[in-house]
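The values are calculated or read from the model by the stated rules, or taken from the named source; none is laboratory data. As the structure is a prediction and not an experimental result, all values here were calculated from the model. In this analysis, Cβ positions are derived from the backbone assuming ideal geometry, glycine residues included, and neighbour counts consider all displayed protein chains. The area values use the complete protein model at the heavy-atom level, side chains included, leaving out ligands, DNA and RNA. Shrake-Rupley method; radii C 1.70, N 1.55, O 1.52, S 1.80 Å.
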Amino acid sequence: MDETPHTSDFDPYAALWLAASFAAGVLAASLMAVEVWVSAGAAVVLGLAALLINSRPYASVFILAAFAAAGSVSYQIQVSSIGDDRVRSLYDAGVVRSGDPVEIEGVLLGGPEPAYDGVFLTLRCEMLVHRSREIAASGKVRLFLPTGRPTADDDENVGSQTLAADLKYGSRIRVATSLKREDELINPGVLQRREFLDIAGIDATGSIKSALLIEKIADESVFIPLAWVYDRQADLIRDLRENLDGKAAGVMIASLLGDKYFLDKDTGELFREGGTFHILVISGLHITFIGGLLLLAVGRFTRNRWTRFLVSAVALWAYTLAVGADLPVLRAAVMFTIISFAYVIYRPASLLNALGVCALFLLAWRPSELFNPSFQLTFVSVSAIVGLAFPLIEMLRKIGSWMPSAEMPFPPDVPSWLKRFCEMLYWNEDAWRIEQNRQVWSMRLFKAPLLKKYVVGGIRSGSRYLFEGVLVSLIVQIWMLPLLVIYFHRVSVASIFLNLWVGFFVALESFAVVAGAVM
């Protein structure tokens with residue numbers, strides 16, 4: 001009888017390789033003109049070949065090729081789904097010129113998004129009237145309705161604010177406006193308006209001169225829980241504006257709700273120059289932090305894994321939808337859900353594999369996201385953290401905390417300066433004494449950590465967290481350097497250090513604001 005223990009041949013990063021193959025297929029489809037039936041046939045044939053071949057290396061190659069073909073099919077389907085009735089198609093084909101007055105009828109896809117002196121309306125178009133001709137239309141447009149500050153003799157602003165309060169998620173409206181898809185003047189190297197709108201999934205934008213140009217037709221049936229989330233978001237924005245200073249309210253609304261329209265110009269530029277503007281954008285850090293707090297809070301009432309997972313996941317996805325479900329937020333929510341679900345079913349979760357599942361999910365949903373700067377920055381930064389920063393920190397911890405064991409009977413073979421530095425941060429003399437007492441043998445370890453007399457207790461803990469934070473920040477900045485130069489034309493060296501304490505204090509302020517809002 002074979003006593004050899006069975007080990008699984010399953011690749012722990014399988015989803016990551018599949019996502020990379022899918023992305024390669026999307027990229028290839030964007031560069032080459034291939035019929036969709038050719039790509040679909042290739043995906044089927046390659047998939048069947050992978051099932052029929054017994055050799056694992058060859059089967060893996062066929063599976064990866066099949067996913068690349070599937071990525072090509074997915075991108076071609078998305079491109080072909082943009083019909084002639086899409087608003088972007090009507091403007092790009094010259095049927096309607098950018099800036100021409102039009103009337104649009106459609107349904108609001110979310111609640112009115114408040115801004116400093118108005119509201120933004122995202123409308124799902126159903127009909128467009130141009131020069132007295134009705135045209136069936138589809139797609140999304142984003143409109144701005146100025147409301148200003150109401151005064152006793154300002155009937156226009158009072159009317160705008162009254163109408164904005166009456167509009168809600170699912171309202172069917174008809175509005176007269178002028179839509180634009182083109183830039184009048186742009187700086188060299190700046191993303192053009194058409195590209196920016198296509199990335200955001202918006203066909204055109206416009207401004208409404210007066211509330212008198214909006215006619216509310218009816219309120220369509222909507223998903224009630226989502227409508228409730230939008231209403232609570234608007235209530236919280238109103239509370240923050242009423243109870244905080246203007247600048248503080250702008251920072252808190254941006255960092256908690258992802259709404260940057262209340263940031264004043266000077267504050268926004270200050271964060272941009274310091275390379276910390278991402279702290280004001282709802283990102284993976286916010287979602288992970290909130291998800292962790294939800295798990296801890298629910299865990300105070302029940303130890304049932306399924307209950308903790310379901311309650312925290314529902315609350316986290318409600319928050320994700322409330323803040324707009326932008327790509328970094330969606331990616332973090334999907335990743336958190338996958339990892340917490342793996343914990344529920346008693347399966348170890350690989351962060352890189354979870355990242356691959358997220359990328360595969362997002363690219364299958366919208367293949368064009370591959371060309372979105374937000375997608376690229378998000379996945380490069382997360383890959384830097386889980387692919388290099390975390391493993392590097394774990395290796396340094398093992399060097400500094402080494403004790404003889406069956407797996408590692410000999411000290412790490414590294415330069416003495418590195419060993420002494422790691423021992424300064426991670427060596428635990430008390431843990432070594434406990435380990436010695438558990439053994440029948442005794443021995444001495446010669447440890448010579450740097451600054452032994454000065455780096456102790458709380459200073460050691462603080463130094464350890466500071467070092468790890470700076471290391472992670474540095475690695476992320478290096479990995480993102482080409483993208484930062486291409487998309488933002490600036491690199492902030494100070495951001496390596498500013499990200500640590502700015503993020504810490506913004507988190508403290510957010511705690512205080514949430515507590516105040518609840519009270």
Go through ARG308, ARG241 for me and flag whichever is at pLDDT 80 or above, touching a helix residue (DSSP H, G or I) at 6+ places or on another chain (Cβ under 6 Å), assigned to a helix (DSSP H, G or I) and surrounded by fewer than 21 Cβ atoms within 10 Å (Cβ to Cβ). ARG241
Residue by residue through the range 107-124, note down the ones that are open to solvent by less than 30 Å² (accessible area, probe 1.4 Å) and modelled with pLDDT of 90 or more. VAL107, LEU108, LEU121, THR122, LEU123
Which one of these does ALA431 not meet: (1) closer than 15 Å to ARG397 by Cα; (2) touching a helix residue (DSSP H, G or I) at 6+ places or on another chain (Cβ under 6 Å); (3) among the small types (Gly, Ala, Ser)? (2)
Tell me whether the range 342-362 contains one or more residues that are of a type outside the set (A, V, I, L, M, F, W, C), open to solvent by 30 Å² or more (accessible area, probe 1.4 Å) and within 12 Å of the chain's Cα centre (by Cα). no
Could you go through the range 445-461 and let me know if any residue there is surrounded by 10 or more Cβ atoms within 10 Å (Cβ to Cβ), free of Cβ contacts under 8 Å to residues at least 60 places away in the same chain, of a type in the set (D, E, K, R) and not in a loop (DSSP other than H, G, I, E, B). yes
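Every residue, every condition in (1) within 16 Å of the chain's Cα centre (by Cα); (2) modelled with pLDDT of 80 or more; (3) open to solvent by 70 Å² or more (accessible area, probe 1.4 Å), yes or no:
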residue: ALA248; (1), (2), (3): no, yes, no
residue: VAL251; (1), (2), (3): no, yes, no
residue: LEU256; (1), (2), (3): yes, no, no
residue: PHE271; (1), (2), (3): no, yes, no
residue: GLY274; (1), (2), (3): no, no, no
residue: HIS278; (1), (2), (3): yes, no, yes
residue: ALA315; (1), (2), (3): no, yes, no
residue: THR320; (1), (2), (3): yes, yes, no
List every residue pair whose Cβ atoms sit under 6 Å apart, with the two residues 6 or more apart in sequence or on different chains, where the first one lies in the range 489-504 and is farther than 9 Å from GLY469 by Cβ and the second, anywhere, is open to solvent by 50 Å² or more (accessible area, probe 1.4 Å) and modelled with pLDDT of 80 or more. ILE496/LEU474
The condition of being open to solvent by 80 Å² or more (accessible area, probe 1.4 Å), in a helix (DSSP H, G or I) and either closer than 13 Å to PHE277 by Cα or touching a Ser or Thr at 6+ places or on another chain (Cβ under 8 Å) (or both) holds, among PHE505, PHE511, PHE497, only for PHE497
Considering the range 144-199, residues that are part of a strand (DSSP E or B) and among the charged types (D, E, K, R), and then whichever is modelled with the lowest pLDDT, we arrive at LYS180
Give me the residue from the range 409-432 that is assigned to a helix (DSSP H, G or I) and among the charged types (D, E, K, R) and, out of that set, least open to solvent (accessible area, probe 1.4 Å). GLU423
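Every residue, every condition in (1) of a type outside the set (A, V, I, L, M); (2) at pLDDT 90 or above, yes or no:
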{"site": "ALA33", "(1), (2)": "no, no"}
{"site": "TRP37", "(1), (2)": "yes, yes"}
{"site": "ALA59", "(1), (2)": "no, no"}
{"site": "ILE63", "(1), (2)": "no, yes"}
{"site": "VAL73", "(1), (2)": "no, yes"}
{"site": "GLY83", "(1), (2)": "yes, no"}
Only residues that are of a type outside the set (A, V, I, L, M) and open to solvent by less than 40 Å² (accessible area, probe 1.4 Å): list them for the range 26-61, please. SER39, GLY41, GLY47
Complete set of residues in the range 63-87 that are open to solvent by less than 40 Å² (accessible area, probe 1.4 Å) and over 10 Å from PRO367 (Cα atoms): ALA65, ALA66, ALA68, ALA69, ALA70, GLY83, VAL87
Tell me yes or no: at least one residue of the range 259-267 is exposed (fewer than 15 other Cβ atoms within 10 Å of the Cβ), in a helix (DSSP H, G or I) and in contact with a helix residue (DSSP H, G or I) (Cβ under 7 Å, 6 or more places away or on another chain). no
Close pairs from the range 43-63: first among the aromatic types (Phe, Trp, Tyr), partner surrounded by 15 or more Cβ atoms within 10 Å (Cβ to Cβ), Cβ under 7 Å, at least 6 apart: PHE62/LEU46; PHE62/ALA49; PHE62/ALA50; PHE62/ILE53
Filtered residue count, the range 392-408, keeping only those that are open to solvent by 50 Å² or more (accessible area, probe 1.4 Å), over 9 Å from GLU423 (Cα atoms) and modelled with pLDDT of 90 or more: 4
Looking at MET127 and the list (1) under 29 Å from the mean Cα position of the chain (by Cα); (2) at pLDDT 85 or above; (3) open to solvent by less than 60 Å² (accessible area, probe 1.4 Å), which single condition is not satisfied? (1)
Please go through the range 202-261 and pick out each residue that is in contact with a strand residue (DSSP E or B) (Cβ under 7 Å, 6 or more places away or on another chain) and either under 28 Å from VAL506 (Cβ atoms) or free of Cβ contacts under 8 Å to residues at least 40 places away in the same chain (or both). LEU213, ALA234, ILE237, ASP259, TYR261
Residue list for the range 130-143, restricted to those being of a type outside the set (Gly, Ala, Ser) and open to solvent by 40 Å² or more (accessible area, probe 1.4 Å): ARG131, ARG133, GLU134, LYS140, ARG142
TYR487: open to solvent by 40 Å² or more (accessible area, probe 1.4 Å), more than 20 Å from ALA389 (Cα to Cα) and touching a Pro at 6+ places or on another chain (Cβ under 7 Å), yes or no? yes
Please find, within the range 280-305, the residue that is modelled with the highest pLDDT out of those that are within 30 Å of THR267 (Cβ to Cβ) and open to solvent by 30 Å² or more (accessible area, probe 1.4 Å). LEU294
